[in-house]
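What follows is a set of notes on a single structure, which appears directly below.
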Amino acid sequence: MPSETLWEIAKAEVEKRGSGGGEGDGVEIGEKSVFFIGSKNGGKTTIILRCLDRDEPPKPTLALEYTYGRRTKGHNIPKDIAHFWELGGGTSLLDLISIPITSDTLRTFSIVLVLDLSKPNDLWPTMENLLQAMKSHVDKMIMKLGKTNSKAASEMRQRIWSNMQKDHPQDRELVDPFLIPLVIIGSKYDIFQDFDSEKRKVICKTLRFVAHYYGASLMFTSKSEALLLKIRGVINQLAFGIDRSKSICVDQNKPLFITAGLDSLSQIGSPPVPDNDIGKLHARSPMELWKKVYERVFPPKSINTLKDTKDPARDPQYAEREVDEMRMQKDQELEQYKRSSSKSWKQIELDS
């Protein structure tokens, strides 16, 4: 008898947790989910495989993919289970974020945003589109959860705000944190470290502000084993509840590593632009001001995010002979119908 597919396992897990509604917490202890989003070809799959100790070459992610990992806690103790979701296509498939994150599953989720540091001109639009879409969806799910379990929704809000530093009360009025854990990872640091120092400064300070604004942790990584181990530790904290790191590095000449709540607006400073130029930038919010400053240095490229999206039905890694043969037959029937319809219309035109 064939074994269950990963999608069937994932669907069963979602349905199982969804059936535990009511005023209870509805969350199965020992199970958490991590949702990876980010730049196309930015290294999301590589990070997941590294965290799961899987020595296999990463494949391009199409649409939404799922895998899982287990962690043993001790003899005769149930294993912790971590569910890993990955959104492919960069910013072209935002509608799919609503599939894994629902009001029933929300409390088990964390988000990891992977940004390609080697492509700074694409960085802001990718980051902005993904974070806005994700935050809008999470806020809707929080409101929906509050209608059925107000206590759980309130606890989620309190837990996120408790991470903010008490030494900087003014920051609380200027930030808008995600209500579920968020980690921003800058990938391909090995390429980024060769950038001009002023460009590195703009990118580092901008990402620090965005991470602080959204209540996120921020860290850079590359193919370096040491950096990958640090990232693995952070992902394990999200997936298995391991104690989070308290270390911090804000030096732009080194890989950034800032745990959520350990930065502040005063430490980040103002946007890296001459003082006499700031007044010329008309912005309605601090986030808009940072965006304008960033895009002066790294103007976004005008590209169609859907242009390079491949058709999953034609990808060889998803080939199924019977399905593909039927698809080919239907395509041929459709072309034949188009040709016959075209001839019919031409005949009608001649007759008239």
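Note on the stretch 187-259: enclosed helices (runs of 4 or more DSSP H) holding 3 or more residues that are under 27 Å from Thr108 (Cα atoms) are 197-213, 225-240. Here is a check on your reading of the model: is Asp25 over 22 Å from the mean Cα position of the chain (by Cα) and at pLDDT 75 or above? No.
Matching residues to (1) among the β-branched types (Val, Ile, Thr); (2) touching a residue at least 12 places away in the same chain (Cβ under 8 Å); (3) closer than 16 Å to Lys44 by Cβ:
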| site | (1), (2), (3) |
| --- | --- |
| Arg71 | no, yes, no |
| Leu96 | no, yes, yes |
| Ile101 | yes, yes, no |
| Asp104 | no, yes, no |
| Ile142 | yes, yes, no |
| Ala153 | no, no, no |
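When each of Ser247, Ser285 is tested for being within 30 Å of Asp53 (Cβ to Cβ), surrounded by fewer than 21 Cβ atoms within 10 Å (Cβ to Cβ) and at pLDDT below 90, the lone residue that passes is Ser247. The strands (runs of 3 or more DSSP E) located wholly in the stretch 32-144 that include 2 or more residues which are open to solvent by 20 Å² or more (accessible area, probe 1.4 Å) occupy 64-71.
With respect to the stated conditions, Leu207 is at pLDDT 95 or above and either under 22 Å from Met134 (Cβ atoms) or not basic (Lys, Arg) (or both). Here Pro271 passes the criteria (1) open to solvent by less than 20 Å² (accessible area, probe 1.4 Å); (2) at pLDDT 90 or above; (3) part of a loop (DSSP other than H, G, I, E, B); (4) out of contact with any Gly (no Cβ under 7 Å at 6 or more places or on another chain) except the one numbered (2). Going through (1) touching a strand residue (DSSP E or B) at 6+ places or on another chain (Cβ under 6 Å); (2) at pLDDT 90 or above one by one, Lys119 falls short only on (1). Considering each residue of the stretch 338-347 in turn, none proves to be in contact with a helix residue (DSSP H, G or I) (Cβ under 9 Å, 6 or more places away or on another chain) and either in a helix (DSSP H, G or I) or modelled with pLDDT under 60 (or both). The test for being of a type outside the set (Val, Ile, Thr), closer than 27 Å to Thr91 by Cα and modelled with pLDDT of 90 or more holds for Pro255. Condition first: among the hydrophobic types (A, V, I, L, M, F, W, C) and open to solvent by 30 Å² or more (accessible area, probe 1.4 Å). Can you find one or more residues in the stretch 202-222 that meet it? Within the stretch 202-222 (the criterion being among the hydrophobic types (A, V, I, L, M, F, W, C) and open to solvent by 30 Å² or more (accessible area, probe 1.4 Å)), the answer is no, since none of the residues qualifies. Screening the stretch 235-244 for residues that are in contact (Cβ under 8 Å) with a residue 12 or more places away in the chain and surrounded by fewer than 21 Cβ atoms within 10 Å (Cβ to Cβ) and picking the one that is nearest to the chain's Cα centre (by Cα) gives Asn236.
The values are calculated or read from the model by the stated rules, or taken from the named source; none is laboratory data. Not measured: the values here are computed from a predicted model. Here Cβ is always computed from backbone atoms with ideal geometry, including for glycine, and neighbour counts include all displayed protein chains. Side chains are part of the model used for accessible areas, which takes the heavy atoms of the whole protein and leaves out ligands, DNA and RNA. Shrake-Rupley method; radii C 1.70, N 1.55, O 1.52, S 1.80 Å.
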